[in-house]
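Here's the structure, in structure tokens; my notes come after.
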Amino acid sequence: MEASQTSGTRRAAGRPKIGDLATSDVVVRLRTPEGRDEWLYCHSAVLAAGSKYFADRLSDDWPTCQILGSRYCVEVYCQELDLSSHVTALRLLYAAEPCSRFGVRGALGVLQAAVHLGCARIAAACVDYLESAPWDEADEEEILRTIPCLGPQYDCVLARLRPIDPAPVTSIFLSAFRHATSMHSAPELKSAAQEQLEYMLTEDDDAPLLVFDDDIVKSQVKDCVSGLLNRFGAFMSAILMKPKEAPLGRDDGGLQQELHSFVSDISWACQILSKLEMMKCVVVYWTGVSSDVVEAVDVVCVGIDCLKTILKVIEVSAKVLEAIAFGNIVLPTEKRYDAVNVWIGFAQRAKPLVEQPERDDEDGDAEAPKINLDNEVWQSLESAIVSIVLTLPSNNQADILSDWLLSKHAKYPDLTEAFEVWCYRSKVAKRRLSFLDHANRLS
């Protein structure tokens, strides 16, 4: 044991050390354009063995300049910011195992210096570290600026940043979509799935992560949404049947929370489906159950605590009516008439509830909830209602406008535009359609 330790000590003692003036036979002079110099006393055998740059400079074929007696001087030019990395690379030539654990930025600097000096072993150690180390966003940007300039042999560092093949993206999207629309997924997983799916399809500075042109994929998305809507329908049926058998307890927050969860998921699904141009399944369903949705909300949601759920219902209805108003989804007259009637009444009752907390807060209730929808949602709902009303037959418009003018909540939605158009059309109708009477007499 003692003999082994003694042998190891001798080997360590016999290893050259950078900066050892007594044994050094080469001076490396690091120079920068700013005039900074760094002198390092080194050993030609170590330098030539670990660096192609120094192997070439110290060979007999390279003209050298002798200074300081018998020592050679090798000049290395580098930028000021790279000076410390070159010093580190030279020191690593003396290490038994090159250590590259200087953090991502430090490893990048040493890698550049190693490439400059032709230190293959040090460069490989830096690459291994960079491939395995965690990166933050700033590290990633620095890597993207640095690695492509070093040569294709170092592109392996960029593996985690390269675009992924379409097949895995589609698989991840469908799996995440199932979690996002499932009632059994953990809340954290569902929330993350919904957030990331929305990001994947967002058109910002970059193109969406995937584009759907596969009918099979769309079919699977539709199946997930249909499952969500069917579960919501069963939930509403259970609620609407209970009052006939046994009245619901008004203090039961579980049903309200479940209703809120369903409507939130449907609202999120609308955002995704609108990007995929697949809103029809939700629009047809929602317009068909509008009366049931309103009745279920009236049964379950009592008091100001349910305002979040009520506003989520408004949010979904705005998206549905907007799809109808833009002509993206074509529905029969009767369905448009029934849907717009239901949601005008619901919106008229919901708007005062939103404004109530603000009045309470002014009276000194510091704990009054401040819950509201984005003004754009209210405006889009109002605009959609006006557009749909104007697509209806004149008599249907008259019924809606009559109820609106008689309502104490005529302030919202503002159907003034629809009223003006209806008045104009009604007044000039006989004159504009007089050609029909003439054609009928001729026939």
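The values are calculated or read from the model by the stated rules, or taken from the named source; none is laboratory data. Because the structure is a prediction, the values reported are computed rather than measured. Note that we place each Cβ from the backbone using ideal geometry, even for glycine, and neighbour counts take in every protein chain shown.
Key figures for this structure:
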| read-out | value |
| --- | --- |
| Subset of the range 376-397 (residues that are touching a helix residue (DSSP H, G or I) at 6+ places or on another chain (Cβ under 7 Å) and loosely packed, with under 14 Cβ neighbours inside 10 Å) | P393, S394 |
| Every residue from the range 294-308 that is of a type in the set (V, I, T), surrounded by fewer than 21 Cβ atoms within 10 Å (Cβ to Cβ) and under 18 Å from L229 (Cβ atoms) | V294 |
| Some residue of the range 316-333 being within 19 Å of L255 (Cβ to Cβ), within 26 Å of the chain's Cα centre (by Cα) and either crowded, with 22+ Cβ neighbours inside 10 Å or free of Cβ contacts under 8 Å to residues at least 60 places away in the same chain (or both) | yes |
| Pairs with Cβ under 6 Å, 6+ apart, first in the range 270-281 and more than 16 Å from L210 (Cα to Cα) and at pLDDT 90 or above, second surrounded by 15 or more Cβ atoms within 10 Å (Cβ to Cβ) and β-branched (V, I, T) | C270/V282; K280/I329; C281/V225 |
| Candidates I266, I329 - the one that is at pLDDT 95 or above, touching a helix residue (DSSP H, G or I) at 6+ places or on another chain (Cβ under 7 Å) and not charged (D, E, K, R) | I266 |
| Tally, over the range 115-129, of residues that are part of a loop (DSSP other than H, G, I, E, B) and buried (at least 20 other Cβ atoms within 10 Å of the Cβ) | 1 |
| Among (1) within 30 Å of I216 (Cα to Cα); (2) buried (at least 18 other Cβ atoms within 10 Å of the Cβ) - the single one S171 does not satisfy | (2) |
| Single residue of the range 190-238 satisfying the filter (among the acidic types (D, E) and outside any helix (DSSP H, G or I)) that is surrounded by the fewest Cβ atoms within 10 Å (Cβ to Cβ) | D205 |
| Yes/no for E277 being under 33 Å from the mean Cα position of the chain (by Cα) and within 21 Å of V221 (Cα to Cα) | yes |
| Check on P148, free of Cβ contacts under 8 Å to residues at least 40 places away in the same chain and part of a loop (DSSP other than H, G, I, E, B) | no |
| Selection from the range 151-162 of residues that are without any contact (Cβ under 8 Å) to a residue 40 or more places away in the chain and either assigned to a helix (DSSP H, G or I) or touching a Leu at 6+ places or on another chain (Cβ under 7 Å) (or both) | P152, Q153, D155, C156, V157, L158, A159, R160, L161 |
| Residue in the range 17-55 that is modelled with the highest pLDDT, counting only those that are over 21 Å from S85 (Cα atoms) and surrounded by fewer than 16 Cβ atoms within 10 Å (Cβ to Cβ) | A45 |
| Hey, H86 touching a helix residue (DSSP H, G or I) at 6+ places or on another chain (Cβ under 8 Å) and either surrounded by 17 or more Cβ atoms within 10 Å (Cβ to Cβ) or at pLDDT below 95 (or both) or not | yes |
| Scan of the range 182-240 for residues that are under 24 Å from V294 (Cα atoms) and outside the structural domain of E295 (by TED's automatic domain parsing), ordered by number | S182, M183 |
| Residue in the range 395-416 that is nearest to I385 (Cα to Cα), counting only those that are among the hydrophobic types (A, V, I, L, M, F, W, C) and more than 42 Å from the chain's Cα centre (by Cα) | L401 |
